[in-house]
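Single-structure report; data block below.
Each reported figure results from applying straightforward, stated rules to the coordinates on display, with no laboratory input. What you see is a predicted model, and the numbers here were worked out from it, not measured in a lab. Virtual Cβ from ideal backbone geometry, glycine too; neighbours counted across all protein chains shown.
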Amino acid sequence: MDFPIPNFIPVPNAEAMQMISIVSLIVGICLVVAGAVFLLLSKRKGKKSTLAWIVICVGALLIVNHGIQLIF
């Protein structure tokens, strides 16, 4: 179904959407790496690492979501 989009809602063009997906993919990769570093640092100190797992999960969700958008 093709619904008409009202004029007051800004809709970026395809190139801008692709750039947003690429940037979000890079941010997701950075979040996963940062979460892994925090996880390793917290394991060395013997502390709980809930924040590290949250950062890793958010990064993984960004990677999966925007990776799929770039494929299709």
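Some observations on this one:
- Candidates Ile56, Ile5 - the one that is of a type in the set (Val, Ile, Thr) and under 15 Å from the mean Cα position of the chain (by Cα): Ile56
- Annotation note: Cβ proximity below 8 Å between a residue of the stretch 11-23 that is outside any helix (DSSP H, G or I) and a residue that is surrounded by fewer than 10 Cβ atoms within 10 Å (Cβ to Cβ) (sequence gap 6+ or interchain) occurs for Val11/Ile5.
- Subset of the stretch 43-53 that is surrounded by fewer than 16 Cβ atoms within 10 Å (Cβ to Cβ) and without any contact (Cβ under 8 Å) to a residue 12 or more places away in the chain - its residue that is nearest to Ser21 (Cα to Cα): Thr50
- Residue check for Asn65: polar (S, T, N, Q), in a loop (DSSP other than H, G, I, E, B), exposed (fewer than 15 other Cβ atoms within 10 Å of the Cβ) and out of contact with any Asp or Glu (no Cβ under 8 Å at 6 or more places or on another chain): no
- Residue that is nearest to Leu25 (Cα to Cα), among those in the stretch 43-53 that are outside any loop (DSSP other than H, G, I, E, B) and more than 23 Å from the chain's Cα centre (by Cα): Lys43
- Test: residue in the stretch 32-51 that is closer than 17 Å to Asn65 by Cα and of a type in the set (A, V, I, L, M, F, W, C): yes
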